[in-house]
Amino acid sequence: MSRDFLASRVRLNALIGSNSGAQPSLLMYPSSQATNNKGGQSASLQNFLSDANNYSGTAFLYVHGTPTTSSEQAGVLPSLNYSIFGGDLLVKGTIFSDYLRTTSGTLISFDTLGYIPPVGTNYISDPNGPTSSSDADKILDAQIKLNETGITTNLSNINSINTILNTHETSIGLDADGGFIQKTTSNYLNASTSISNETFLLDAQIKINETAISLKADSSSLTLVQNEIDAIETGSGLNNDGTYTASSNTSYLDAATSLFDADVRLDAQLKLNKLPKNSAKIRIRNRCEVSGRPHGVYRKLRISRIALRDMASAGKIPGITKSSW
């Protein structure tokens, strides 16, 4: 059997366990557990490694130490030959342990180790609330969904209200932000600063107009004016409401639409009546320029057929000869 490699320090890239047999592939134990320099092991170490109840047959690494098996709740420190990891320990698999203590020596019971409901929350602090992190996640997920649905509904309602608000702003005369739009072409509101101020200004102006109206005309004066208007309507041939109705018994005014239109029609008819009788085109009569005969007149030649025959017989028309047979 080869001898053990003795060195105070070893710097290498990897430790490869190749131990065969029932023991783990790689063993790490102090020299106090070695009986010689050829891999000899103390009786206690051999008894531990040979007991199948201490580990499974597929174990890879054994690190020697004395286990602390005290069941005291606090004040228990590590036994001899314990291992120290100077930094954080990241375990990708499952930790199997008989005991678990804090660094101060307080025992952590696996029976009571579990989910602790938080205090002061809105949805998962109820005594009848979740009993595990997964249940808490489900409750929070459901509440988030309810909140999301409520936000969507509220957003839709807000959009509807905003549309109505924009309509009201436009109808009232406000801008998109609800600000007052200054009037620049009104009669009395150019100096207003708000809708309520516009109402105040209009109220004041209406009072001024009311006072002015009451000073300028009383009821008796209005009656006299109305009587005079009625008389004018009667004298002018208008209806009681001042409208004009054409008379169907006239010669020229049955199509008139107003007194002014009736005057225009009469003026035009008078002008027509002043024209001479023979000035009408319909009174023009084609007559022969030779004999004055009104019948059988050639329009282009302006002579009658008899005058044309006489002139042809007399040879006064070139190219025309009298035929005989």
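Each value in this text was obtained by applying a stated rule to the coordinates, not by laboratory testing. The shown structure was predicted, so the numbers you read here are calculated from the model rather than taken from an experiment. Every residue, glycine as well, gets a Cβ built from its backbone with ideal geometry; the counts of neighbours run over all protein chains shown.
Observations, loosely collected:
- Mean residue ellipticity (222 nm) of the chain, computed from DSSP H runs ≥ 4 via -39,500 (n - 2.57), nearest 500: -11500 deg cm²/dmol
- Counting only aspartates and glutamates at least 8 places from Lys322 when in the same chain, those with an alpha carbon closer than 16 Å to its own are Asp310.
- Between region 288-309 and region 28-80, the alpha-carbon center distance in angstrom: 160
- Relative contact order, percent, region 149-302 [alpha-carbon distance under 8 Å, six or more residues apart]: 6
- Remark: region 47-61, residue by residue, has Karplus-estimated 3J(HN,Hα) of 5, 5, 6, 8, 8, 5, 6, 7, 6, 7, x, 9, 5, 9, 10 Hz, where x stands for each Gly or Pro and the curve is 6.51 cos²θ - 1.76 cosθ + 1.60 at θ = phi - 60°.
- Efficiency of FRET between His168 and Ile229 - r from beta-carbon atoms, R0 30 angstrom, step 0.05: 0.10
- Alpha carbon centroid spacing (whole Å) that separates region 264-279 from region 181-225: 54
- Unit charges on C-beta of K, R, D, E only; dipole of the chain, Debye: 4440
- Classification of region 1-64 by its C-alpha gyration tensor yields an oblate form. The axis ratio a/c (a ≥ b ≥ c) is 1.5 or more, and b/c is at least a/b.
- Among Ala142, Leu45, Ser171 the positive-end extreme of the charge dipole of the chain (Cβ point charges): Ser171
- Share of pairwise Cα separations in region 74-188, more than 25 Å, in percent: 64
- Where only alpha carbons of region 32-91 are counted, the Rg and the Dmax (Å): 14.6, 43
- Computed over region 285-325: relative contact order in percent, which uses C-alpha pairs under 8 Å that are six or more apart: 26
- Expressed to the nearest 5 percent, the antiparallel share of DSSP beta bridges inside the chain is 60 percent.
- Straight-line cross-link partners of Lys216 among the lysines, defined as a Cα under 27 Å from its Cα and at least 8 positions apart when in the same chain: Lys207.
- Within straight-line cross-link reach of Lys316, lysines at Cα separation under 19 Å, skipping those fewer than 8 residues along the same chain: Lys300
- From least to most packed, judged by other beta carbons within 10 angstrom and beginning with the fewest, Phe48, Phe260 follow the order Phe260, Phe48.
- Taking mean projected area of the Cα convex hull in nm² as calculated from this structure, the corresponding entry among [x] 17.1; [y] 72.0; [z] 20.6 is [y].
- Each part gets one Cα centre, and for region 229-258 versus region 99-148 those centres are 99 Å apart.
- In terms of other Cβ atoms within 10 Å, Asp51, Asp88 run from fewest to most in the order Asp88, Asp51.
- Ser248-Ala7 pseudo-label distance in nm [points 7 Å out on the Cα-to-Cβ vector]: 13.8
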